[in-house]
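**Student:** Just passing along the structure, written as structure tokens.
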Amino acid sequence: MFLDQLSNGLALGSIYALTAIGFTMVYGIIRLINFVHGDIYMMGAFFALTALTVLGLPIVVSFIIGMIGSVVVGLMIAKFAYKPVFEAPRINLFLCAIGAAIFLENYAMLVWGPQTQSFPDIIQNQSYNFLGLKFTTLQLIILGTAVVLMVILTYIVKYTKMGRAMRCTSQDVDAAKLMGINTNHVIYFTFAIGSSLGAAAGILVGMYYKAVYPMMGFTSGLKAFVAAVIGGIGSIPGAMIGGIIMGIAETLGAAYISSGYRDAIAFIILIFILLVRPSGILGNSAKEKV
Amino acid sequence: MKKIMWLLVIVMVISLLAGCSSNTATGGGGAEEIYIASANPMTGDSAQFGDMKVKAIQLALDEVNEAGGINGAKVSLLVGDDTGNPKEAPNVAQRFADDKKVLAVIGHWNSSCTLAARGIYNDAGMPVITDSVNKDITDGSTPYLYRISLTDTTQAEYLAEYAYEVMGKRKVGIMYTSNDFGAGITADFSRVFEEKGGVVVATETYHEGQSIDFTPQLTKLRNEDPDLMFIAGYYVETALIAQQAQSVGLDVPMLGTDGISSEELIRLGGTAVEGILFTGFFHPQVKYPGTEEFVTSFREKYNREPDTYAALAYDSAKIILKAIEEKGATREGIKSYLSEVKDFPGVAGPISFDDKNDVTRGIIILEVKNLEIVPAEVQP
């Protein structure tokens, strides 16, 4: 029973982790709590589903179309919703993010309808046993994708020229500009990567639960936010850890305390961690310039 | 910038005016036209149910109008949208209640909407026929409101009896959605099932729309080793629960409520919902006088299969039209007809209302077989 619930928790946790990675990266660079992330995730799932069912394309192509579509949406939001208020106080940017999120949800309802759509069975789901933990193929793919994306992103941010530019921009936009960094470029690049990560998460989750609907990004966005904060917002490995902790806590809470309180449990953990470590598990408050 | 603002203001004012005029444009038509109204969700999560109901009501009206109307007067339908939201339902109700030409209302689909709106209708003396299931709707405080579907209590009692007597199950595990509908039906089901001698081994809950991962609850249920899983929820979650039950290895028969009586269940759940049993009030293969004609003309007109809600809405419209024919085109007349009608021949079975304004009818048990909804082999 315990090991079964642990596998359930790991599976759910890797989904949270996958969603939280893109979320935390955008925060790390632009210091924006990107509430559109959940809806980009939803758009990605819908784009891929449309490519798959309406256009009849194979899954890999649909997956790429979903990611490209989301990148376009993400860049448009960055251009039309964020850029005009970028110099204004952060709260304006934040409100624009919420507005853009509401817009995307309603746009999806208009185009695809409010009903839940089913994602066709594509991957042969097999069960594996590992030290008493049970996994299915799709769960492994999700966990694997989360780990691979985490490694790639950490590499990009830490070891490439673009990554250095991103870190500079995150520390001080004006100084970065003076040093000859094209900060606009960096910001759009960040949003493009963040959106493609969101889309990848959305498509995989859609495939896993076989359900895609316009409001799917709302709670996921919130949970990703919590996971990112638990892990230390801005820290990419932190998002991974935060996601897994949340997934396991929620599942074990539902199993051993009460299934009615599973969401409450996730938020209680958030409050607890913020009390003990205000900057999250892997967060480092010293780095931040005030 | 200023110009654009003015333009926006003008557009808004025009749209407001247009909204008003559509309400009053045809007022004062007198005896030539008769109006009844539909107040159901046309947008939002329950939109498809409202859509089916309006289609069915329109079909009933078209049939009457093609036959020359009621004493020469044509009948028209006004469609309101409560969006499935109890905050919006009173607005819709108030609009119809104030509109003197509206003689009767068919609706609200969601129980919480009906509960929110029923007082307004009752104060205006507006006869209403609803298909919401919450038992508090007919608590005697709103004599103008009639219910054409069974209450959740009656349904739960039928289901518990079916599970114990017909299916021969003794150990049930329950998954329910934590709202009035799910909690109410779970309490009544457990009570009757335990009175009969069965055991409820586990009761687990979930919040609709907040999580689509049910594996912790299902793993818990599996460990209690039930021989039946009763799911008191709607079709989206039920489809997901059925799929995830398979993946955690909970392989027992499933029993559901009328909340999953929809073709969408099969579209979402696929083979995982094969064999699931649930309540229905109508099925094209369960024939009463008029059922076949209704199903044929519905298919012809809309190219779709009518579902339970369509059939009940069609019967509601028919009974109101009959009332207008018998007692004249007034709200009071319709109400007095509804209070005395006996065995009105409906396509989902004969309709009479008891002293609490609840319909007296049985249930049908439906089953998903070869990815189609058919009546189950053994009926209660």
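**Student:** Could you check region A:185-290 for helices (runs of 4 or more DSSP H) lying wholly inside it with 3 or more residues that are touching a Leu at 6+ places or on another chain (Cβ under 8 Å) and either closer than 24 Å to A:Ala101 by Cβ or at pLDDT 85 or above (or both)?
**Tutor:** Passing ranges, in order: A:216-231, A:236-256.
**Student:** Hey, can you tell me all the residues within region A:220-271 that are in contact (Cβ under 8 Å) with a residue 12 or more places away in the chain and β-branched (Val, Ile, Thr)?
**Tutor:** Passing the criteria: A:Val226, A:Val229, A:Ile230, A:Ile233, A:Ile236, A:Ile241, A:Ile244, A:Ile245, A:Ile248, A:Thr251, A:Ile265, A:Ile269.
**Student:** Take region B:117-138 and flag every residue that is in contact (Cβ under 8 Å) with a residue 60 or more places away in the chain and surrounded by fewer than 18 Cβ atoms within 10 Å (Cβ to Cβ).
**Tutor:** Once the filter is applied, which keeps residues that are in contact (Cβ under 8 Å) with a residue 60 or more places away in the chain and surrounded by fewer than 18 Cβ atoms within 10 Å (Cβ to Cβ), region B:117-138 yields only B:Gly125.
**Student:** Quickly run through region B:219-230 and pick out the residues that are free of Cβ contacts under 8 Å to residues at least 60 places away in the same chain and within 28 Å of the chain's Cα centre (by Cα).
**Tutor:** Result: B:Met229, single match.
**Student:** Condition first: basic (Lys, Arg), assigned to a helix (DSSP H, G or I), in the same structural domain as B:Asp131 (by TED's automatic domain parsing) and in contact with a Pro (Cβ under 9 Å, 6 or more places away or on another chain). Can you find one or more residues in region B:87-102 that meet it?
**Tutor:** no
**Student:** Moving on to the next point. Across region B:164-196, which residue is farthest from the other protein chains (Cβ to nearest Cβ) among those that are surrounded by fewer than 21 Cβ atoms within 10 Å (Cβ to Cβ), of a type in the set (Ser, Thr, Tyr) and in a helix (DSSP H, G or I)?
**Tutor:** It comes out as B:Tyr164.
**Student:** Let me ask another. Could you list, in sequence order, all residues of region B:231-268 that are among the aliphatic types (A, V, I, L, M), under 24 Å from B:Ser190 (Cα atoms), more than 10 Å from chain A (Cβ to nearest Cβ) and under 20 Å from the mean Cα position of the chain (by Cα)?
**Tutor:** Across region B:231-268, the qualifying residues are B:Ile231, B:Ala232, B:Leu255, B:Ile260.
**Student:** Can you give me the number of residues within region A:89-134 that are at pLDDT below 85, more than 30 Å from B:Ile266 (Cα to Cα) and of a type outside the set (A, V, I, L, M, F, W, C)?
**Tutor:** Within region A:89-134, residues that are at pLDDT below 85, more than 30 Å from B:Ile266 (Cα to Cα) and of a type outside the set (A, V, I, L, M, F, W, C) number 3.
**Student:** Kindly indicate which of A:Thr116, A:Thr160, A:Thr137 is in contact (Cβ under 8 Å) with a residue 12 or more places away in the chain, of a type in the set (Ser, Thr, Tyr) and either surrounded by 15 or more Cβ atoms within 10 Å (Cβ to Cβ) or over 22 Å from A:Tyr16 (Cα atoms) (or both).
**Tutor:** Every option except A:Thr116 fails the conditions.
**Student:** Let me ask something else. Looking at (1) more than 14 Å from chain A (Cβ to nearest Cβ); (2) in contact with a helix residue (DSSP H, G or I) (Cβ under 9 Å, 6 or more places away or on another chain), find the lone condition where B:Leu221 falls short.
**Tutor:** If we test B:Leu221 against (1) more than 14 Å from chain A (Cβ to nearest Cβ); (2) in contact with a helix residue (DSSP H, G or I) (Cβ under 9 Å, 6 or more places away or on another chain), just (1) comes out false.
**Student:** In region A:131-143, which residues are in a loop (DSSP other than H, G, I, E, B) and not hydrophobic (A, V, I, L, M, F, W, C)?
**Tutor:** Residue satisfying the conditions is A:Gly132 alone.
**Student:** Looking at region A:8-27 only, could you name the residues that are over 20 Å from A:Ala101 (Cα atoms) and not β-branched (Val, Ile, Thr)?
**Tutor:** Those that are over 20 Å from A:Ala101 (Cα atoms) and not β-branched (Val, Ile, Thr): A:Asn8, A:Gly9, A:Leu10, A:Ala11, A:Leu12, A:Gly13, A:Ser14, A:Ala17.
**Student:** Taking the options B:Val75, B:Val79, B:Val64, name whichever one is within 22 Å of B:Tyr144 (Cα to Cα), out of contact with any Asp or Glu (no Cβ under 8 Å at 6 or more places or on another chain), among the hydrophobic types (A, V, I, L, M, F, W, C) and more than 14 Å from every other protein chain (Cβ to nearest Cβ).
**Tutor:** One residue alone meets the criteria, B:Val79.
**Student:** Only one of (1) under 15 Å from the mean Cα position of the chain (by Cα); (2) loosely packed, with under 14 Cβ neighbours inside 10 Å fails for A:His185. Which number is that?
**Tutor:** Single failed check for A:His185: (1).
**Student:** Could you list, in sequence order, all residues of region B:292-305 that are under 20 Å from the mean Cα position of the chain (by Cα) and assigned to a loop (DSSP other than H, G, I, E, B)?
**Tutor:** Selection gives B:Arg304, B:Glu305.
**Student:** In this structure, does B:Val199 turn out to be surrounded by 17 or more Cβ atoms within 10 Å (Cβ to Cβ), modelled with pLDDT of 90 or more and either out of contact with any strand residue (DSSP E or B) (no Cβ under 9 Å at 6 or more places or on another chain) or not acidic (Asp, Glu) (or both)?
**Tutor:** no
The values are calculated or read from the model by the stated rules, or taken from the named source; none is laboratory data. The structure displayed is predicted, hence computed values, not measured ones. No Cβ is skipped: glycine too gets one built from the backbone with ideal geometry, and neighbour counts run over all protein chains shown.
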